Amino acid sequence: MAATVVVEEGNGAGPAWTDISTSIGGHLCSADNNNPGTSYPIKIPSSGTNYSYWKSHRLAFSGTFTSIENIKIYTDGSLGWGTGVTVKFGDTDTAISPPVGLTNAQYIQATGTEGETGDEMVANHTNINSSGDLFSYTSGSPLLVDDSTYTSAGDSKHIVIQEDVADTASSGQKTAETITWQWDEVA
Amino acid sequence: MESNPLNLYYWKVIYDNGETLQEIEDGKTHSFKEVDLDKLVRLGWVSDNPNLPSYFVNLESFQRPILYRRRGIHALKKNAKPFTIGYLLGWQSTINGRNYKSIMFIRPDGEITLASRDIQF
């Protein structure tokens, strides 16, 4: 028997954690919203950089299992959203030092100017002090999010991610990228 | 690497008295918590598919078992379900204060890599 595992996004001040596996959720956008559809695009600035509202994502696990540990995340190594766009993750340390996951107590609601830009996470998220390129982490070398061992239903630490949009970016909805969570499980 | 179905292999343990316990047995699913580690002498991954090999490791009293499914799930994907990346099987021991490991990384296609630390498939 394997654990039931879903990906959740935290929104609001609470926060409220929502399973984004059941919807096309997790869109990086210009609102604190886990399923904005085509609403709240990130405006391309005339100069400088705009940002998505940062996203807080974690694994939630339930069902029957003995343990879950070694939780990592990776991409295909190639962000296909054109020039001027990057997707970053945050770290509580002043230099990237995995594991990079934040605890529930370290959650901070995303802020910004709705419909235009989020606030940059290093400058505005109380518990983020550095950032790195999420797409530099691949299946061959994934990013460690949480090194805890979980032996009962619950949730992992959360990763904070954000999209940077420079004035050189091109407009339009982009093709969804694949971001994969990985963990080791004893049934 | 993705594979379906979710549980291509299931674990099996053999005790010092010859008795066995399997993750799936007689229509019932067992948790690894039920395994009596004090009596464990051999453990591995087995499949109901006769075309797939079984993998076992013998354990000495000073060796702690390593047995994991490495699983994944795609974020940002509608109706995403977890999938199996591969299987880990081996042992760990602390000898004279040093940590030793020997781990088989078993891909669903049967390819094996033996390593002394955690590696990616």
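So here's what we get for this one:
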item	result
Close pairs (6 angstrom Cβ cut-off, 6 or more residues apart or separate chains): closer than 30 Å to A:Glu177 by Cβ and within 10 Å of another protein chain (Cβ to nearest Cβ) in region B:46-74, in a loop (DSSP other than H, G, I, E, B) and of a type outside the set (Val, Ile, Thr) anywhere	B:Arg71/B:Pro82; B:Ile73/B:Ala80; B:Ile73/B:Pro82; B:His74/B:Ala80
In region A:25-60, the residues that are part of a loop (DSSP other than H, G, I, E, B), within 12 Å of B:Ala75 (Cβ to Cβ), in contact with a Gly (Cβ under 8 Å, 6 or more places away or on another chain) and in contact (Cβ under 8 Å) with a residue 60 or more places away in the chain	none
Flag if A:Glu69 is among the acidic types (Asp, Glu), within 14 Å of chain B (Cβ to nearest Cβ), touching a His at 6+ places or on another chain (Cβ under 8 Å) and under 18 Å from A:His158 (Cα atoms)	no
Strands (runs of 3 or more DSSP E) completely within region A:114-175 that count 3 or more residues being at positive phi	none
Residue that is farthest from the other protein chains (Cβ to nearest Cβ) [pool: residues in region B:78-107 that are more than 17 Å from B:Leu43 (Cα to Cα) and buried (at least 19 other Cβ atoms within 10 Å of the Cβ)]	B:Thr84
From the options B:Gly72, B:Gly44, B:Gly90, residue that is assigned to a strand (DSSP E or B) and more than 14 Å from B:Trp11 (Cβ to Cβ)	B:Gly72
Filtered residue count, region A:1-24, keeping only those that are modelled with pLDDT under 95 and assigned to a loop (DSSP other than H, G, I, E, B)	9
Residue within region B:50-69 that is touching a Ser or Thr at 6+ places or on another chain (Cβ under 8 Å) and within 27 Å of A:Asp76 (Cα to Cα) present	yes
Residue match in region A:67-85 (condition: crowded, with 23+ Cβ neighbours inside 10 Å, of a type in the set (Phe, Trp, Tyr) and in contact with an Asp or Glu (Cβ under 8 Å, 6 or more places away or on another chain))	no
Region A:133-166, subset small (Gly, Ala, Ser) and touching a strand residue (DSSP E or B) at 6+ places or on another chain (Cβ under 6 Å), residue farthest from the other protein chains (Cβ to nearest Cβ)	A:Ala166
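The values are calculated or read from the model by the stated rules, or taken from the named source; none is laboratory data. Keep in mind it's a predicted model, so treat the numbers as computed, not measured. Using ideal geometry, Cβ is built from the backbone for each residue, glycine included, and neighbour counts are taken over all protein chains shown.
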